[in-house]
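Quick notes on the structure that follows.
Read-outs: derived from the displayed coordinates by stated rules, not from any lab. Keep in mind it's a predicted model, so treat the numbers as computed, not measured. A quick note on method: Cβ atoms are made from the backbone with ideal geometry, for glycine too, and the neighbour counts reach across all protein chains shown.
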Amino acid sequence: MKRRYTKTLLTVLALALICPCLFAFAACDAKKTEAPYTPETFSKTRIYELDTEHTNLMGQTMAPLMMNLLLDKQESYFEFGKDGKVRGQLKTIPLSVNSLFDALSRFGNDISRESVSAQLRNLDIAQTLQEDVEPLLPGFTERLSDGDVEGAFKLLQNTTGLNFEGLDFSEGPLKDAAVKMGKDYKKSGGKSMRLPANLLDLIPDNTQLSLTIDWEYNLVHLTGNDGTPYDAVYIGGETAHSAYTQPFAIFTMYTESDGTETMYMRIEFVNVDIALKLRETK
């Protein structure tokens, strides 16, 4: 049971980093096609919040609980503007590592700081960096190997429109840990890059993490194979305002039986469903 909850927690945290890479990887594969639609945007700004109850993260049944514990619901949203711009933000509540595990234990979860630390010690990210990240973000691994985590995140932001904030890698214990990680990677001949075993100890109390994305979008009107019309939102850099390139993220829009307006995006190859529901229009 302990392994199950530990895996769930690590899955929720890890997806905050890998999902942007998945989106961007798909963006690199955008192909020219015949114009299937006329680009449109919403007539009013629409703000959607994350629907944790219907979001699926790799089949982890405890994921909704973890997200409800970790995320600041008011500050986690997708905002689609009338100008065709979309900003998404996932932001945690102010976190203390000890208080997080205390909260988990109150829900009866057999999970501990020690079990998560053990998982982190066994997590080697070298292969993922070389095979998945580096083809998309050339120079990302080099920056990490030099202990320049800030530079790596800056490259991510400039390339994909994603930005990660909340931890200070410019100086202090986190910077020292990053430099050591890079040195160990070089000593291994580029074969192994392990996160610091004491990573949880390096996170200051009241840390608030945020991941933001700034993209463009299109509202499109489509018809299903059964002839049923439906609306979708196409997201993706320069592809968003071109009817001649394929989007790299698609949210399908629905109106539920109770009148709630929702969006769903399915990422098949990692078994992830992201669900949003309309909070307000303005």
If the reach is capped at under 17 angstrom between alpha carbons, list the aspartates and glutamates near LYS277, excluding any in the same chain fewer than eight residues apart.
GLU49, ASP51, GLU53, ASP72, GLU75, GLU79, ASP231, GLU256, ASP258, GLU261
Could you tell me the calculated FRET efficiency between SER188 and GLN208, based on Cβ-Cβ distance and R0 = 25 angstrom, to the nearest 0.05?
0.15
Ranked output for segments 41-53, 140-152 by mean other Cβ atoms within 10 Å, highest leading, reads 140-152, 41-53
At 20 °C in a medium of viscosity 1.002 mPa s, the range 124-194 has a Stokes-Einstein diffusion coefficient, with Rh taken as the Kirkwood radius over alpha carbon pairs, in µm² per second, of 174 µm²/s
As a quick test, which of the pairs LYS91/LYS175; LYS44/LYS175; LYS91/LYS187; LYS85/LYS191 have an alpha carbon distance above 32 angstrom in this structure?
LYS44/LYS175; LYS91/LYS187; LYS85/LYS191
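Near SER210, within a Cβ-to-Cβ distance under 10 Å, what is the net charge of the other residues, with Lys and Arg +1 and Asp and Glu -1?
Local net charge: -2.
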How much net charge surrounds GLU256 when only other residues with a Cβ under 11 Å from its Cβ are counted (Lys, Arg +1; Asp, Glu -1)?
-2
Using the crude model of +1 on Lys and Arg Cβ and -1 on Asp and Glu Cβ, and no other charge, please compute the dipole size for the range 124-194 relative to its Cα centre, in debye to 20.
280 debye
In the range 186-235, which trypsin sites (Lys or Arg not before Pro) fall in coil by DSSP and have 16 or fewer other Cβ atoms within 10 Å?
LYS191
Charge context of ASN198, other residues only, Cβ under 15 angstrom, K/R +1, D/E -1:
+1
